[in-house]
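Report on the structure given below.
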Amino acid sequence: MSERSSRYGILGDRLRSTTNDDVTLTFVEIEGMVGPLPPEALKPQFWANAEGHHDARRRQWLGNGFKAYLNPDRNTVRFVRSPRHATDSRDDQPWTDEELRACIGAYRTLWLAEQRGESLSKSTVRRHTLDVALQGRAKGAYEFRMQNISAVLDDLGLPFVRGYLPRKNVGTLKSRLIAIINDVWARQTTLEEPTAIEEELETRVTAALRKIQPGAKAPPPGSMQVQRLAGSVARFVRDPNVIAWVLNRSDGRCEACGAPAPFTRLEGTPYLEVHHLRPLAEGGPDTVTNALAACPNCHRRLHHGADRRAFRGAILKLMPALIDFPKKERLPSIDD
């Protein structure tokens, strides 16, 4: 008898008869069907899903619509049924949190390997993720999403996988990606790093907003001496945790006039602008005691209104938690 009929055919019969799309078998269970497995069975190549080699064995799962994935740590093989129709594309469907988490999980696997100096095939990880968690998604959609993850990590000040250059046009998914990255990277209690780059600051504020626990009483420390970057336009290194705290404190209402935020941002948060009562250019600190959340009208009034000084004084009386910090001489820039 051929190897196919005498050994692995029983495995094929098992997969052919099952109604499950996801079957995990231990080596003991497989050996109970096909007999002792060779030492090579502990290597992923033995269970590879390529056609044209070792067909007598691989045909037993490929021919029945499954792909095999070895878990050498548990001595198990997972057989996952492939999509039945290539036309069942999901590329025109919104991405679910489960799909985003699968991409971030795959990215994290590559990221950890790179941090350890290990070599791991991007193609292998991609094929596994597409087959198991992203059925119906195209290779290009997966690759684009991985570059989006690089962009978010870069904005957060974290290293990204070298093979996935950042693609900044993340769109409305950014807030969801940030939430999952915070979870997968275990960053829930990590303060975001200050930055003077506007896009980085926006991303880090979104990340910091998701870390503020209900009822939290200890504000972030902020900075009493704010760094100023040299250039034709003054740029200050701002603390995203301070911005997030002030926005959360406002509860969606302008702290100057009390009106609700005029609209909602793409990620679903109220649109308010954080203003420093003592401007950073005048030596004001970047702390929650020198900042308030203002609607665009009140923010412009504080900067350009004829009554801006009186308006500022009224806000200080309205909010005892704010401090009237004195004006200082211009701070030297980092490059001065």
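The values are calculated or read from the model by the stated rules, or taken from the named source; none is laboratory data. Small disclaimer: the values here were computed from a predicted structure and weren't measured. Ideal geometry is used to build each Cβ from the backbone, glycine not excepted, and the neighbour counts take in all protein chains shown. Keep in mind that these areas ignore ligands, DNA and RNA; they rest on the heavy atoms of the full protein, side chains included. Shrake-Rupley method; radii C 1.70, N 1.55, O 1.52, S 1.80 Å.
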Task: Some residue of the range 182-189 being under 23 Å from T269 (Cβ atoms) and touching a Cys at 6+ places or on another chain (Cβ under 7 Å) - done: no
Task: Residue list for the range 224-252, filter: touching a Leu at 6+ places or on another chain (Cβ under 8 Å), surrounded by fewer than 21 Cβ atoms within 10 Å (Cβ to Cβ), under 25 Å from T172 (Cβ atoms) and of a type outside the set (G, A, S) - done: N248
Task: Residues that are within 39 Å of the chain's Cα centre (by Cα) and among the aliphatic types (A, V, I, L, M), drawn from the range 29-57 - done: I30, A41, L42, A48, A50
TODO: Using the structure shown, decide if G258 is open to solvent by 40 Å² or more (accessible area, probe 1.4 Å), of a type in the set (G, A, S) and either out of contact with any His (no Cβ under 9 Å at 6 or more places or on another chain) or in contact (Cβ under 8 Å) with a residue 40 or more places away in the chain (or both).
DONE: no
Task: Flag if N290 is open to solvent by less than 20 Å² (accessible area, probe 1.4 Å) and on the phi < 0 side of the Ramachandran plot - done: yes
Task: Number of the condition not met by T195 [criteria: (1) surrounded by fewer than 16 Cβ atoms within 10 Å (Cβ to Cβ); (2) farther than 22 Å from L110 by Cα] - done: (1)
Open item on the list: Considering only residues that are under 19 Å from G252 (Cα atoms), more than 14 Å from the chain's Cα centre (by Cα) and β-branched (V, I, T), which ones fall in the range 194-230?
Closed with: I212
TODO: Only residues that are open to solvent by less than 80 Å² (accessible area, probe 1.4 Å), free of Cβ contacts under 8 Å to residues at least 12 places away in the same chain and within 16 Å of G157 (Cα to Cα): list them for the range 198-223, please.
DONE: none
Task: Near pairs, Cβ below 8 angstrom, 6+ apart or cross-chain, from the range 314-329 (β-branched (V, I, T)) to any residue that is modelled with pLDDT of 95 or more and part of a loop (DSSP other than H, G, I, E, B) - done: I315/E255; I315/A256; I315/L277; I315/L322
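Within the range 107-124, does at least one residue satisfy the condition of being closer than 22 Å to V23 by Cβ and touching a Leu at 6+ places or on another chain (Cβ under 9 Å)? Steps first, answer last, please.
The first filter runs over the range 107-124 and keeps only residues closer than 22 Å to V23 by Cβ, leaving 124.
Subsequent filtering for residues that are touching a Leu at 6+ places or on another chain (Cβ under 9 Å) retains none.
Taking every residue of the range 107-124 in turn, none turns out to be closer than 22 Å to V23 by Cβ and touching a Leu at 6+ places or on another chain (Cβ under 9 Å).
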- [ ] Could you run through the range 247-282 and say how many residues are over 23 Å from the mean Cα position of the chain (by Cα) and among the β-branched types (V, I, T)?
- [x] 1
TODO: Could you please find all residues in the range 22-40 being surrounded by 13 or more Cβ atoms within 10 Å (Cβ to Cβ), in contact (Cβ under 8 Å) with a residue 24 or more places away in the chain and not aromatic (F, W, Y)?
DONE: V23, T24, L25, T26, I30, V34
TODO: Residues being open to solvent by 50 Å² or more (accessible area, probe 1.4 Å) and at negative phi: count how many of those fall in the range 115-132.
DONE: 10
Task: Qualifying positions in the range 133-155 - more than 26 Å from Q45 (Cβ to Cβ) and open to solvent by 30 Å² or more (accessible area, probe 1.4 Å) - done: A138, G140, F144, Q147, D154
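Select, from L112, L100, the only residue that is loosely packed, with under 15 Cβ neighbours inside 10 Å and modelled with pLDDT of 90 or more.
The unique qualifying residue is L112.
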- [ ] Would you be able to tell me the number of residues in the range 132-186 that are of a type in the set (G, A, S), within 12 Å of the chain's Cα centre (by Cα) and part of a loop (DSSP other than H, G, I, E, B)?
- [x] 1
Task: Residues of the range 156-170 classified as in contact (Cβ under 8 Å) with a residue 24 or more places away in the chain and either surrounded by fewer than 18 Cβ atoms within 10 Å (Cβ to Cβ) or at positive phi (or both), total - done: 6
